[in-house]
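The values are calculated or read from the model by the stated rules, or taken from the named source; none is laboratory data. Bear in mind that the values here come from a model prediction, so they are computed numbers and not experimental data. As a convention, Cβ positions derive from the backbone with ideal geometry for all residues, glycine included, and neighbour counts pool all protein chains shown. Quick note on the areas: whole protein, heavy atoms, side chains included, nothing else; ligands and nucleic acids left out. Shrake-Rupley method; radii C 1.70, N 1.55, O 1.52, S 1.80 Å.
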Amino acid sequence: MERAEILGVTFDNITMRQAVDRTMELIRSGRTAFVVTPNAEIAYDCIKDREFRELINKADLVIPDGAGVVLASKILKTPLRQKVAGIELAEALLPELAKQGKRLFLLGAKPGVAERAAEKMEQIAPGLDVCGCLHGYFESDEEAVEAINAAKADIVFVCLGSPKQERWMYRNADKLVPCTMIGLGGSLDVFAGEAKRAPELMIRMNLEWLYRLYKQPSRIGRMMRLPKYLLYAVRKSLKK
Ligand code: UDP
């Protein structure tokens, strides 16, 4: 599969359909795998933190979640095919999981949110088997590992925010029953109706970041990583 290196992160240059197929293949492979969905903020952390970058690049699938990453890829003349938003990948996976009888575990968000997200997901994909839920404020890694193993999960949506979720997946991969994990940030909040995505038009205009800032002005600090990331891309392209 084609990959593209953007400022040190090796992204899989794939469409949404390919991302779904590849994730289903990982599940069927019968080994433990992990999928990351870096947006520009996460990709910026990768520039600054070598160890985190190496961890991200070890993932079985690295999906470009965000217009910022796709824009950087164009600036660097190694264009990625498309943005594959983590939440949209999650939604596209649900009917496939239901069809293939795969067991989904939801990890993360505040107590009660994962259960509400599960109800919504079962409406989206009737027959979906959500085999367990655990909020993201557990005492120890072991507590979460035991819950996932006891539920015999095939796939786990790990929604602890970044970089916590990526580090968690990497650290615990060996302790889990064979399953595929995907880091999906605040997705459970959106499924549960706790948080809203930007209006369709804003998403299409690549302005989802602006909506998030409007809803949560306290994000301004972390969101400054987006322009800084793009600046890195411009500088690197000028040096080429
Ligand atoms: N979260 C969690 N455990 C933690 C910290 C955060 O489960 O120790 C959850 C938090 O409740 C929220 C999500 O992780 O549901 C992070 O959402 P955010 O939108 O900040 O993540 P992003 O998608 O921007 O990485």
Most mobile of 222, 171, 103 in a GNM of the chain (Cα contacts under 10 Å): 222
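Nearest 500 deg cm²/dmol is fine: what mean residue ellipticity at 222 nm does the chain get from its DSSP H runs of n ≥ 4 alone, each adding -39,500 (n - 2.57), divided by its residue count? Please report the intermediate quantities before stating the final value.
Numbers: 13 runs with 122 residues, N = 240.
So the helix-based figure for the chain works out to -14500 deg cm²/dmol.
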Test item: Cα-centred dipole of the range 90-235, Lys/Arg +1 and Asp/Glu -1 on Cβ, debye: 860 debye
Nitroxide proxy distance, nm - points 7 Å out along Cα→Cβ at residue 175 and residue 110: 2.7 nm
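Mind checking the full-extension length gain between residue 218 and residue 58? Use 0.36 nm per residue of separation minus the Cα-Cα distance, one decimal, nm.
On the way: separation 160, 0.36 × 160 = 57.60 nm, distance 3.14 nm.
Between residue 218 and residue 58, full extension yields 54.5 nm more.
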Neighbour cut-off at most 15 other Cβ (10 Å), DSSP loop, GluC sites (Glu not before Pro), the range 101-165: 139
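Around residue 223, under 14 Å between beta carbons, what's the net of Lys plus Arg minus Asp minus Glu among the other residues? Don't skip to the answer; put the middle values down first.
Numbers: positive: 212, 215, 219, 222, 225, 228; negative: 41, 45, 208.
Result for the local shell: +3.
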Whole-Å distance, taken between Cα centres, linking the range 133-157 and the range 12-87: 23 Å
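Relative contact order for the chain: what is it in percent, counting Cα pairs under 8 Å that are at least 6 residues apart? Walk me through the intermediate numbers first.
Values: 427 pairs, mean separation 56.0, N = 240.
In percent, rounded to a whole number, it is 23.
Carbon and sulfur atoms: what percent of the 1.4 Å accessible area of the chain do they account for?
Numbers: 5970 of 11430 Å².
The value for the chain is 52 percent carbon and sulfur by accessible area.
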Between helix 16-28 and the chain: long-axis angle, C-alpha atoms, 0 to 90°, nearest 10: 40 degrees
Residue-span extension gain [residue 3 to residue 237] - 0.36 nm each, minus C-alpha spacing: 82.4 nm
Volume of the Cα convex hull of the chain, divided per residue and given in Å³: 120 Å³
Spacing of the two label points (7 Å from each Cα toward its C-beta) at residue 15 and residue 150, in nm: 4.3 nm
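Packing-wise, with mean Cβ within 10 Å as the measure, how do 150-162, 228-240, 34-46 rank, highest first? Could the numbers behind the result be given before it?
On the way: 150-162: 22.1, 228-240: 13.8, 34-46: 25.2.
For the peptides 150-162, 228-240, 34-46, the packing ranking is 34-46, 150-162, 228-240.
Is there a quick way to get the dipole size of the range 1-87? I mean about its Cα centre, with the Cβ of Lys and Arg at +1 and of Asp and Glu at -1; what is the value in debye to the nearest 20?
Details: 13 positive and 12 negative charges, 47 e Å.
Dipole of the range 1-87, to the nearest 20 debye: 220 debye.
Once the Cα gyration tensor of the range 140-240 is found, what semi-axes does its equivalent ellipsoid get, as square roots of 5 times the eigenvalues, in whole Å, sorted largest first? Numbers along the way, then the final one.
Numbers: eigenvalues 202, 79, 30 Å².
Equivalent-ellipsoid dimensions as semi-axes: 32, 20, 12 Å.
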Full-stretch length increase - residue 194, residue 167 - with 0.36 nm per residue and alpha-carbon distance subtracted: 7.2 nm
Förster radius 41 Å - calculated FRET efficiency between residue 99 and residue 201 (Cβ-Cβ, nearest 0.05): 0.85
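Which percentage, to the nearest 5, of the DSSP beta bridges contained in the chain is antiparallel? Before the final figure, lay out each step's value.
Values: 4 of 23 bridges.
Around 15 percent antiparallel, to the nearest 5.
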